[in-house]
Amino acid sequence: MRVLVTGGAGYIGSHTVLQLLVANHSVLIADDFSNAKPSAVTRLEELAGQSIPVCRVDLTDEAATLALFDDAIAGGQPIEAVIHFAGFKAVGESVAKPLAYYRNNLDTTFSVLRAMDVHGVRQFVFSSSATVYGENPVRERTEDMPTYATSPYGWTKVMVEQVLRDLAVADDSWRIALLRYFNPVGAHASGRIGEDPSGLPNNLMPFVAQVAVGRREKLAVFGDDYDTVDGTGVRDYIHVEDLAAGHVAALERIGLRDDALSVWNLGSGHPESVLEVVAAFARASGREIPYEVVPRRPGDVDAYWANPSKANRELGWSATRTIDEMCADTWRWQSQNPNGYPD
Ligand code: UD1
């Protein structure tokens, strides 16, 4: 299939692009490079052994998005499916800049869906998040739980999911996958592509990696008084390579299914606490990870993880990599690229 990958130069997008190419799909990347570097694509091309078409485009621009689809047809390679990663994703920033988050995450999706509608393209895979489960007291999340959010970022995911559900009801020729990611970490085994957050990392694993490599002095552990195994927050970490494989599986499956819309959790199903992640990273890197316990981060949930059995069953997919492999691959990427991608 010819797949448009929006946000394909980003962290999860780049790993998925590589796996799509390995699975013999052809890819067109659309990215505005607001939170990704062009050198990520150069490295992808090296790893894939082929050039990868990239379009620098602001997908909130509906005319430019339509032109992308028209140009693909004119070039003899019409777009047949879309994986939509592009979006703003920092929870804290979304609280400070709600309008920017709602505008960007909703408008990019509307532009892409409109262009797909105009051109009769019906296969759409959406980057959703386990954040849509909100604060449900049942820690093991299943796809049938109600959705709710605790930040503007989270609401953009809930809202786009609702738009897509309504679209699937209105026209059952759509084939839509909502993929709810748990906590993606790790990097490609080559150490050539990985997560490169700009500024202070918001998420645990990149922060720990930057402490290990000496870019930061110590980790702040946000609370050790939760009702969990050691008092620290518990999450379901999933290797980005497993996550990328989940996208390829979903893309290849939706066209074969009768349902216009399918929802799948992409997680490992294994809960890990902050201190368990810190210990695993110390083992993988051979470095000490200094940390200090500080008060809870506002808005944090104590513990949740995926029940991934629906994806296991319906996609024939499962997350296979352990937390030790996630840390080892993160460390290879971080130690080979202490300052991330070159500019
Ligand atoms: C957050 C977002 C989620 C988003 C995900 C991206 C919420 C509530 N959270 O998840 O939507 O999809 O990022 O990966 O919407 N921690 C520390 N110190 C740190 C950083 C984190 O102790 O410096 C702890 C947190 O308190 C938490 C765990 O580590 O218990 C994981 O945090 P993080 O990596 O930020 O991910 P989430 O908050 O789970």
Out of the residues in segment 49-84 meeting the condition of being touching a Pro at 6+ places or on another chain (Cβ under 9 Å) and touching a residue at least 40 places away in the same chain (Cβ under 8 Å), tell me which one is farthest from Met1 (Cα to Cα). Val54
Taking the stated definitions as given, is Arg141 of a type outside the set (Val, Ile, Thr) and within 24 Å of Arg56 (Cα to Cα)? no
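Quick grid of which residues meet (1) farther than 24 Å from Ala9 by Cβ; (2) modelled with pLDDT of 95 or more; (3) of a type in the set (A, V, I, L, M, F, W, C):
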| residue | (1), (2), (3) |
| --- | --- |
| Ala74 | no, yes, yes |
| Ala100 | no, yes, yes |
| Leu106 | no, yes, yes |
| Leu113 | no, yes, yes |
| His119 | no, yes, no |
| Ser127 | no, yes, no |
| Glu140 | yes, yes, no |
| Pro146 | yes, yes, no |
| Glu161 | yes, yes, no |
Kindly evaluate Ser335 against the criterion of being surrounded by fewer than 19 Cβ atoms within 10 Å (Cβ to Cβ) and in a helix (DSSP H, G or I). yes
Show me the strands (runs of 3 or more DSSP E) entirely contained within segment 209-313 in which 1 or more residues are within 11 Å of the ligand (Cβ to nearest atom). 219-222, 234-239, 271-273, 291-294
Is it the case that segment 233-245 has a residue that's touching a residue at least 60 places away in the same chain (Cβ under 8 Å) and surrounded by fewer than 19 Cβ atoms within 10 Å (Cβ to Cβ)? no
Meets criteria (closer than 29 Å to Ser268 by Cβ, of a type in the set (A, V, I, L, M), surrounded by 15 or more Cβ atoms within 10 Å (Cβ to Cβ) and in contact with a His (Cβ under 9 Å, 6 or more places away or on another chain)) for Val158: no
I'd like the residue in segment 20-31 that is touching a helix residue (DSSP H, G or I) at 6+ places or on another chain (Cβ under 9 Å) and not aliphatic (A, V, I, L, M) and, out of all such residues, is surrounded by the most Cβ atoms within 10 Å (Cβ to Cβ). Asp31
Please pick out the residue among Ala328, Ala306 that is under 22 Å from the mean Cα position of the chain (by Cα), surrounded by 22 or more Cβ atoms within 10 Å (Cβ to Cβ) and aliphatic (A, V, I, L, M). Ala306
Say we look at segment 146-155 and pick out the residues that are away from the ligand (no atom under 11 Å from the Cβ) and not in a strand (DSSP E or B); which of these is surrounded by the most Cβ atoms within 10 Å (Cβ to Cβ)? Thr147
Is segment 284-296 home to any residue that is touching a strand residue (DSSP E or B) at 6+ places or on another chain (Cβ under 6 Å), buried (at least 23 other Cβ atoms within 10 Å of the Cβ) and not charged (D, E, K, R)? no
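For (1) within 16 Å of the ligand (Cβ to nearest atom); (2) over 27 Å from Trp174 (Cα atoms); (3) surrounded by 16 or more Cβ atoms within 10 Å (Cβ to Cβ), each residue gets a yes or a no:
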residue: Thr6; (1), (2), (3): no, no, yes
residue: Leu44; (1), (2), (3): no, yes, yes
residue: Leu47; (1), (2), (3): no, yes, yes
residue: Ser51; (1), (2), (3): no, yes, no
residue: Cys55; (1), (2), (3): no, no, yes
residue: Ile79; (1), (2), (3): no, no, yes
residue: Ile83; (1), (2), (3): no, no, yes
residue: Val112; (1), (2), (3): no, no, yes
Residues in segment 124-145: is at least one away from the ligand (no atom under 11 Å from the Cβ), crowded, with 22+ Cβ neighbours inside 10 Å and assigned to a helix (DSSP H, G or I)? no
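The values are calculated or read from the model by the stated rules, or taken from the named source; none is laboratory data. Keep in mind that this is a model prediction, so the values were computed, not measured. Neighbour counts are summed over all protein chains in view; Cβ atoms, including those assigned to glycine, are modelled from backbone coordinates with ideal geometry.
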